[in-house]
Amino acid sequence: MSSVALKQSIPFDHFEQLREARAIIRQEADGLLALSSHLDTRFCEAVELLQNCAGRAIVTGIGKAGIIGQKMTATLSSTGTRAMFLHPAEGVHGDLGCVGEDDVVVVFSNSGNTDEVCRIVPIIHQLGAKIVAITASSENRLARAADVVLEIGELSEAGELSLAPSTTTTAMLALADALALVVSRAKGFTARDFGTFHPGGSLGRQLTPIREVMRQGDELRIASRDETVRGTLQRLRSSGRRSGALLVTDEQGVLCGVFTDSDLARLLEQHRDTQLDSPVSEVMTSNPKTLRDNTCLGDAVNMLTERKISELPIVDKAGRPVGLIDITDVIGIGPG
């Protein structure tokens, strides 16, 4: 028999697991509330540095703080601020060459005394860049060397051992998000700008301008309000992709109504066949909902969903039809 005593398994049922998990989340949430209430004008100074930065935002940190720094780099890049991540260990082996006097360097370190981080700070100063420190307090090596210090506070880590970075990294992440997003707003960054940086996936699809996906040109069926339904349908027969709506215009070419396949079916179901030889203006839907061609596709999907319609005319600033979004064109894109 082994002389090494076997560790006895400690009972840990579901109730206790949930209780501890909730306590961890509450502790991290309390840390965020404390951080929120302690923000002061130094945050605004950091915003001003990044907003007016003529170079790049360079973010650095090591360990878990470095991972938060990488997340901030990605957030800055996608919201209108040129940014890159610098690993401090690589920095002392040549990568500090990326730092210039027009840059702002955001440094993450909870203790503010980490050797790898503190070794590069004096060199960053020599290179002329400004330093924003995100750290626990103003009383550490990093804070004393920084131009602006954003304190997360002396927070206890979550969990029974209170050792693994948890509450501190949650606070760093929240402060980094706040800084990046406030800078983005200060720069006037828009949803359309965001779409430019996110062309792929569902998000990119929702932010695509309507003009890039709408039916247009020969795919549209445009009729004069005085034409008959039958005459219009015969005139606008097409061997290609058929639009499910007639776009009806007035004498100035301005959209005044739509006549859809559903409207045609309704005439036949109600035995109103004679109206097929009436002016389309008598059976069309007047003053339909429209969008401009520079609107995001996600807004079109929202309108189709909310109004429970299948076709959405797209018009220019004078109200003339220039395109059409059909529900079949946007299947798979959920409302934003």
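The values are calculated or read from the model by the stated rules, or taken from the named source; none is laboratory data. If you're wondering where the values come from, they're calculated on a predicted model, not measured in any experiment. Neighbour counts are summed over all protein chains in view; Cβ atoms, including those assigned to glycine, are modelled from backbone coordinates with ideal geometry. Accessible surface is based on the protein model in full, side chains and every heavy atom, while ligands, DNA and RNA are left aside. Shrake-Rupley method; radii C 1.70, N 1.55, O 1.52, S 1.80 Å.
Just the number please: accessible area per residue for region 211-336, 1.4 Å probe, all protein chains included, in Å². Before the final figure, lay out each step's value.
Details: 6860 Å² over 126 residues.
Averaged over the residues of region 211-336, the accessible area is 54 Å².
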Problem - GNM flexibility winner over the chain from 221, 19, 144 (Cα, springs under 10 Å) - result: 19
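State in Å² the accessible area per residue of region 39-175; use a 1.4 Å probe, count heavy atoms of protein chains only, and round to the nearest integer. The partial results should precede the final answer.
On the way: 6020 Å² over 137 residues.
Result: 44 Å² per residue.
Where does each of 250, 103, 299 land when they are ordered by accessible area, with a 1.4 Å probe and the largest first? Intermediate results must be reported in sequence, preceding the final value.
Numbers: 250 40, 103 15, 299 75 Å².
Reading off the accessible areas and sorting them downward yields 299, 250, 103.
Pull out the extension gain between residue 162 and residue 293, defined as 0.36 nm times the separation in residues minus the alpha carbon to alpha carbon distance; nm, one decimal. Before the final figure, lay out each step's value.
Numbers: separation 131, 0.36 × 131 = 47.16 nm, distance 5.48 nm.
Here the segment from residue 162 to residue 293 would lengthen by 41.7 nm.
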Practice task
Would you please give the FRET efficiency between residue 44 and residue 316, computed as 1/(1 + (r/R0)^6) with r the Cβ-Cβ distance and R0 = 45 Å, to the nearest 0.05?
Solution key: 0.60
Handout entry: Percent carbon-and-sulfur accessible area, the chain, ignoring ligands, DNA and RNA, probe 1.4 Å
Key = 52
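Hey, with R₀ at 51 Å, roughly what FRET efficiency would residue 125 and residue 219 work out to, going by the Cβ-Cβ distance, to 0.05?
After rounding, the FRET efficiency stands at 0.25.
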Fill in the blank from the handout: Two pseudo-spin positions, 7 Å from Cα along C-beta at residue 15 and at residue 252, lie apart in nanometres by 7.5
Handout entry: Using alpha-carbon coordinates, inclination of helix 41-51 to the longest axis of the chain, degrees
Key = 60
Fill in the blank from the handout: HN-Hα couplings for region 25-35 via Karplus (6.51, -1.76, 1.60; θ = phi - 60°), in whole Hz with x for Gly/Pro, come out as 5, 5, 5, 5, 5, 4, x, 5, 5, 5, 4
Problem - Among 47, 213, 59: highest mean-square fluctuation, GNM of the chain, C-alpha pairs under 10 Å - result: 213
Fill in the blank from the handout: Length gained, residue 144-residue 23, 0.36 nm per residue minus C-alpha separation, equals 40.1 nm
Handout entry: Estimated 222 nm signal from helices in the chain, with DSSP H stretches of n ≥ 4 weighted -39500 (n - 2.57), rounded to 500
Key = -12000 deg cm²/dmol
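By how many nm would the segment from residue 237 to residue 327 grow when fully extended, if each residue of separation counts as 0.36 nm and the alpha-carbon distance is taken off? Write out the running numbers ahead of the final one.
Values: separation 90, 0.36 × 90 = 32.40 nm, distance 2.06 nm.
Length difference between fully extended and current span is 30.3 nm.
Let me check I've understood the local charge: for residue 110, count other residues with C-beta under 12 angstrom from its C-beta, Lys and Arg +1, Asp and Glu -1. What total comes out? Write out the running numbers ahead of the final one.
Details: positive: 64; negative: 151, 154, 157.
Net charge around residue 110: -2.
Could you order 271, 38 by accessible surface area, starting with the largest, using a probe radius of 1.4 Å? Mind dumping the intermediate values first?
Working: 271 155, 38 130 Å².
So, going from the largest accessible area down, we get 271, 38.
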